[in-house]
Amino acid sequence: MTVMDYWILSGLWIGWCFLHSLAITPAVTTRLRHRLGEKFRFYRVMYNTFAAVTLLPVLAYTFSLRGEPIFEWKGYLAFVPYALVLVSGWLFLSGMRHYDMLQFLGVRQLKDRNDCSAITEDCGLDTTGVLAMTRHPWYLGGILIVWARDLDMSALITNTIITGYFIVGTFLEERKLVRQFGAEYRNYQQRVSMLFPYKWLKARIKACFHPN
């Protein structure tokens, strides 16, 4: 591999992440809503399709650059990738119990023509289950699972950019949710961690040492 290969790889991932994030910013969606009118209900489906189709060539180029590993999960660390996959899987599955997959995919919008930041079925704020541990279980699961593999240079570059993308995406999502739910969501932010559930863990540890 050459240095140029890795610059191209970085550019592809940064470009994909930028376009993917830009397309759902309030500035873009508000303008499109005014221009498209009732046809805006197709936007989520088109957005998901565009994201998936444009991701394929980026992934193909990424895997074409596989090289010698610079870090391997082996020895006493061999269990770590399996643990990351298991935790990620649990976060995704637990999140699916609270999120409306039809709305996430954009199918429900075609029928109901609703448009809300929360992807629950009734567009309300759900703070139960895994959402009482972390406000964004899917983003956390995504961050964990990309690191559940041995690292060569292309993987390190890719994982770093994707992790940054998930973190930026989380903050953008937070802004939309605060705009929609106001004080209710700000109170939720005070109680529950955004990604890593340190507030939940702190409460569990405190309960163990001070049960009363």
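All of the numbers you see were taken from the coordinates with simple rules; none came from a lab. Just so it is clear, the structure is predicted and the values come from calculations on it, not from any experiment. Positions of Cβ are backbone-derived with ideal geometry, glycine not excepted, and every protein chain shown enters the neighbour counts.
The helix-based estimate of mean residue ellipticity at 222 nm for the chain, built from -39,500 (n - 2.57) per DSSP H run of four or more residues and divided by its residue count, is -21500 deg cm²/dmol to the nearest 500. Here the relative contact order of the range 1-132, from alpha carbon pairs under 8 Å that lie six or more residues apart, stands at 27 percent. Here the range 3-209 is assigned +1 on the Cβ of each Lys and Arg and -1 on the Cβ of each Asp and Glu. Its dipole about the Cα centre then comes out at about 700 debye.
How long are the semi-axes of the equivalent ellipsoid of the chain, taking √(5λ) for every eigenvalue λ of the Cα gyration tensor, in whole Å from largest down?
On the way: eigenvalues 183, 156, 38 Å².
For the chain, the semi-axes come out at 30, 28, 14 Å.
For W73, what is the net charge nearby, where nearby means another residue's Cβ is under 12 Å from its Cβ and Lys, Arg count +1, Asp, Glu -1?
On the way: positive: K74, R149; negative: E72, D150.
Local net charge: 0.
Ordered by the number of other Cβ atoms lying within 10 Å of each residue's own Cβ, fewest first, I143, I162 fall into the sequence I162, I143. At an R0 of 41 angstrom, the distance between the Cβ atoms of L156 and L36 translates into a FRET efficiency of 0.55. Note on the chain: dipole from Cβ charges, positive end direction compared against V45, L32, L144; the farthest Cα belongs to L32.
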